[in-house]
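This report refers to the structure that appears directly beneath it.
Here, each number is a calculation from the coordinates, and none is a lab measurement. Owing to the predicted nature of the structure, the values given are computational and were not obtained by experimental measurement. Methodologically, a virtual Cβ is constructed for each residue, glycine included, from the backbone with ideal geometry; neighbour enumeration extends over all protein chains shown.
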Amino acid sequence: MSIALSPALVSHLPTGLLVGGHWGPATGGRTFEVVDPATEEVLFDVADASPEDARRALAAAHDAAPAWRATAPRERGELLRGVYERIVARADDIAALITAECGKTRAEARAEVLYGADFFRWYAEEAVRFPGLHRRAPAGANRQLVQRRPVGPALLITPWNFPIAMATRKIGPALAAGCTVVVKPAQLAPLTTMLVAEVLRSELEDRGLPAGVVNIVPTSRAGDATSPLLTDPRLRKLSFTGSTGVGRSLLAQAAGQVLNVSMELGGNAPFVVMADADLDAAVEGAMVAKLRNSGQSCVAANRFLVHDSLAREFARRLAERFEALRLGPGADDGVDLGPLIDSAAVDKVDELVGDASGRGAQVLTGGERLGRKGYFYRPTVLAGVDPDARVSREEIFGPVAPVLAFADDDEAIALANDTEHGLAAYAYTTSLDRAMRLGDELEAGMIGINRGMVSDASAPFGGVKQSGLGREGGEAGIEEYLETVYVAL
């Protein structure tokens with residue numbers, strides 16, 4: 001094993017299915033391997049859920065739903081607060097697990113633990129704040145009572161790139177609202193999510209609360225395991241984070257049961273540097289917006305659109321910063337950037353760089369794999385990129401920064417919006433008028449002005465166009481797990 005995990009963590013790390021409050025093997029004892037992307041070594045064998053296992057998990061969530069819905073909001077909130085405190089107390093151990101299965105540096109993994117835990121703290125406070133309404137009808141004949149109640153058992157499908165934050169961002173509001181859940185973690189990195197599920201299971205047990213509130217079904221056969229649930233009338237909610245292509249498929253399947261659906265899908269975030277931008281600040285922001293998790297983030301800056309008076313100098317400075325980064329296993333001291341998640345990710349990034357080079361882009365730094373064991377790709381800056389190159393049109397999910405020049409504000413906005421996606425956008429300017437215009441006209445659900453990070457547990461997270469439906473985080477996040485009921489008195 002490439003990274004030292006504490007003996008206590010290893011001995012108590014669940015690798016099975018959590019169904020109805022009990023960990024156990026998959027039907028037939030089938031398992032799949034979880035691999036360290038920095039070394040390609042196998043970390044653990046994890047239970048591989050079958051469709052039958054997934055149905056058992058949904059049955060457990062369905063059976064626990066009435067009691068959980070009846071649990072006082074304050075008690076649900078206190079449960080979440082307790083889980084928050086347990087996670088923070090174990091932050092170093094959990095961060096080591098994230099580094100092992102995702103490859104992140106230790107500092108970045110620990111930051112994710114604290115960010116992920118914060119969703120439990122936020123929704124512990126939101127659990128007691130459901131909005132409602134009581135008023136006399138305008139005609140005077142009756143009174144109107146508007147209530148909010150949990151939508152019902154929810155299927156939560158999470159990605160591998162932020163294995164604690166993507167889980168807590170869904171589980172927190174679902175439990176606060178009174179919903180029970182079945183969680184399907186990503187095959188490539190299920191371990192951290194499973195550990196969070198164990199913390200929840202233990203907290204539920206200690207408080208004498210229903211055992212089937214949280215269930216987890218890791219699997220290498222995602223479609224086979226989840227498809228039967230999407231046609232089961234006991235399921236009332238689907239929340240998915242992942243690619244737009246998979247999201248479209250899930251939406252089609254969810255239509256049969258008219259499921260309540262939340263989708264956080266792919267991105268192609270523009271990073272716009274206006275003519276009056278503070279170039280030092282823009283380069284610093286670019287480092288954050290591009291390289292978080294080695295660029296493997298749905299909100300990562302994907303296209304760097306820079307005014308032509310600054311484009312050459314911006315690209316030069318960015319390449320200089322990229323060149324100085326130390327690439328290696330996230331567990332090693334002094335490492336700035338870890339590996340990509342698997343060989344397919346490296347292949348895709350290399351193909352995108354090759355396509356851009358073939359269309360005339362200049363590779364200022366990087367542009368190649370790292371010649372060592374593990375899934376590493378050198379941080380890359382491309383200048384003079386064709387707007388029609390694949391790297392300009394597709395989500396990169398790697399440490400590659402393509403720089404494109406624009407002539408004026410209108411062209412900048414047109415280029416930024418020239419994509420089917422609309423998750424995040426970033427812009428740098430010292431003009432308040434420009435900042436307001438960018439905030440009005442950039443087609444994205446989240447916009448960072450003079451900052452390279454937008455994520456916050458207290459703020460709504462989600463996109464427009466083909467980047468998704470609904471929001472996670474903030475006050476809006478709990479709305480996704482509530483339905484409105486009107487009673488005429």
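Taking the Cα atoms of the stretch 282-437, what is the range of coordinates along each of the three principal axes, in descending order and whole Å?
48, 32, 28
Report the gain in length on full extension from D206 to E75: 0.36 nm times residue separation, minus Cα-Cα distance, nm rounded to one decimal.
Residue separation times 0.36 nm, minus the Cα-Cα distance, leaves 45.9 nm.
Output the peptides 137-145, 99-107 sorted from most to least packed, where packing is the average of other Cβ atoms within 10 Å over each peptide's residues.
Most protected by this proxy first, the peptides run 99-107, 137-145.
Once amide H atoms are built 1.01 Å from N in the peptide plane, which residues 5 or more positions from L482, or in another chain, come under 5 Å H to H?
V151
Please list 3J(HN,Hα) in residue order for the stretch 403-418, calculated via the Karplus relation 6.51 cos²θ - 1.76 cosθ + 1.60 where θ = phi - 60°; whole Hz, with x for glycine and proline.
10, 10, 9, 9, 9, 8, 4, 4, 5, 4, 5, 4, 5, 4, 8, 7
May I ask for the percentage of alpha-carbon pairs in the stretch 1-93 that lie more than 17 Å from each other?
Summing the P(r) tail past 17 Å for the stretch 1-93 gives 67 percent.
Normalised by the residues of the stretch 1-52, what does the relative contact order come to in percent, with Cα pairs under 8 Å and at least six apart?
Details: 62 pairs, mean separation 18.3, N = 52.
RCO, the stretch 1-52: 35 percent.
In whole Å, what is the distance between the alpha-carbon centres of the stretch 179-215 and the stretch 445-463?
Comparing the Cα centres of the stretch 179-215 and the stretch 445-463, I get a distance of 27 Å.
Separation between the L145 and L279 pseudo-spin-labels, each 7 Å from Cα along Cα→Cβ, expressed in nm?
Reported label-point gap for L145 and L279 is 6.6 nm.
Taking neighbour counts of Cβ atoms within 10 Å as a proxy for exposure, in what order, fewest first, do V113, V306 appear?
By the 10 Å Cβ count, ascending: V113, V306.
Which order do peptides 353-360, 393-400, 430-437 fall in by mean Cβ count within 10 Å, highest first?
So the peptides 353-360, 393-400, 430-437, ranked by packing, come out 393-400, 353-360, 430-437.
Averaged across orientations, what area in nm² does the convex hull of the alpha carbons in the chain project? Before the final figure, lay out each step's value.
Values: hull surface 95.7 nm².
If you wrap the Cα atoms of the chain in a convex hull and average its projections, you get 23.9 nm².
Quick one: angle between helix 91-102 and the longest Cα principal axis of the chain, in degrees between 0 and 90, rounded to 10, please.
Once rounded, one gets 60 degrees.
Where the centre of each part is set by its Cα atoms, how far does the stretch 362-380 sit from the stretch 4-25, in angstrom?
36 Å
How much length is gained on full extension from D332 to E441, taking 0.36 nm per residue of separation minus their Cα-Cα distance?
Taking D332 through E441 to full extension adds about 34.9 nm, to one decimal.
Cα to Cα, under 26 Å, and not fewer than 8 places away if on the same chain: which lysines meet these conditions relative to K237?
The reachable lysines, counting only those whose Cα sits under 26 Å from K237, are K170, K184, K465.
Report relative contact order for the stretch 269-457 in percent, whole number only (criteria: Cα-Cα under 8 Å, sequence separation at least 6). Mind dumping the intermediate values first?
Working: 391 pairs, mean separation 55.3, N = 189.
In percent, rounded to a whole number, it is 29.
How would W23, W160, W122 line up from fewest to most surrounding beta-carbon atoms within 10 angstrom?
W23, W160, W122
State the percent of C-alpha pairs, over all pairs in the stretch 27-173, separated by a distance greater than 27 angstrom. Kindly include the intermediate steps, with their values, before the conclusion.
Working: 4539 of 10731 pairs.
I get 42 percent for the Cα pairs in the stretch 27-173 exceeding 27 Å.
Among the lysines, which fall within straight-line cross-link reach of K373, defined as a Cα-Cα distance under 28 Å, with same-chain neighbours fewer than 8 residues apart omitted?
K373 reaches K104, K290, K348.
At a threshold of 8 angstrom on Cα-Cα distance, excluding pairs fewer than six apart, so keeping six or more, what relative contact order does the chain reach in percent?
RCO, the chain: 18 percent.
So if each residue of separation counts as 0.36 nm, and I subtract the Cα-Cα distance between N417 and A476, what length gain in nm does that give?
18.8 nm
By counting other Cβ atoms within 10 Å of each Cβ, how are F130, F240 ranked from fewest to most? Before the final figure, lay out the partial values.
Working: F130 17, F240 26.
Neighbour counts put them in this order, fewest first: F130, F240.
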